[in-house]
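Trainee: This is the structure I have questions about; it appears just below.
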């Protein structure tokens, strides 16, 4: 634990008492020993904190145990805090991890207090995911755990490597809402790692046209978020014509929990995508 973190730890009960008197605080318990008080501000950050924050006191976002949270089972027993200025200051974190969570006022206050804030970056490839893992692990003083997680991700990616000389089949990532994922995205990196050719034909995320699919369908489909039965029930991805195209071709359904965060568990998609190469 650094000197600044010890100073903030000592000041946290005072700040919390002031907030309690103002009617906006909550009681605090002190972490033992050199354990850090860690806070994640959104569901993606929850995954990193749960994977790497063992031994620290964790406070998670309210979505940590939602069905589309990859490590939702590990969220049980941890406190969950709304990312408001009052609740965050009362908690007195040493380290804050975020992907998109936290408004400008909150982030400015954390900066003024000298709190360590780690922002998970968007990732277009798995090397970028490794960088995010390493940065969070370093902030949590869990370097060995971070390297182990990176190692497991690399092993998973190797399971999808295509045989040399094999022809890449065209595959389209499609969500129930009718969106695709082109080059410069982690989905594209996953398709490439599995030896498939991305049929999106554009950069980044974009909407699919049902007419275009009918005229030029891909050889394979990778379906995302179809496990959320109540989401996008009338989206282009659920159009009867699209449904027939999907049923006529080999496809794999990737769960929403795998797709909501630029994280190591996206590598789990690669072996599943690779299986599409062997289906005739």
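The values are calculated or read from the model by the stated rules, or taken from the named source; none is laboratory data. For clarity, every value in this text was computed on a predicted model and none was experimentally measured. Note that we place each Cβ from the backbone using ideal geometry, even for glycine, and neighbour counts take in every protein chain shown.
Trainee: Could you tell me which of the residues 106, 58, 71 is within 14 Å of the chain's Cα centre (by Cα) and at pLDDT 95 or above?
Mentor: After applying the criteria, what remains is 71.
Trainee: Could you check, for region 256-269, whether at least one of its residues is in contact with a helix residue (DSSP H, G or I) (Cβ under 6 Å, 6 or more places away or on another chain), modelled with pLDDT of 95 or more and within 15 Å of residue 171 (Cβ to Cβ)?
Mentor: Within region 256-269 (the criterion being in contact with a helix residue (DSSP H, G or I) (Cβ under 6 Å, 6 or more places away or on another chain), modelled with pLDDT of 95 or more and within 15 Å of residue 171 (Cβ to Cβ)), the answer is yes, since at least one residue qualifies.
Trainee: Further question on the same structure: Testing residue 145 on (1) part of a helix (DSSP H, G or I); (2) within 16 Å of the chain's Cα centre (by Cα); (3) more than 21 Å from residue 254 (Cβ to Cβ), one condition comes back false. Which one is that?
Mentor: Only one criterion in (1) part of a helix (DSSP H, G or I); (2) within 16 Å of the chain's Cα centre (by Cα); (3) more than 21 Å from residue 254 (Cβ to Cβ) is unmet by residue 145, namely (2).
Trainee: Could I ask something else about it? Filtering region 151-167 down to residues that are over 25 Å from residue 36 (Cβ atoms) and buried (at least 17 other Cβ atoms within 10 Å of the Cβ), which residue is modelled with the lowest pLDDT?
Mentor: Only one residue fits best here, namely 160.
Trainee: A follow-up question, please. Confirm whether residue 148 is buried (at least 19 other Cβ atoms within 10 Å of the Cβ) and on the phi < 0 side of the Ramachandran plot.
Mentor: no
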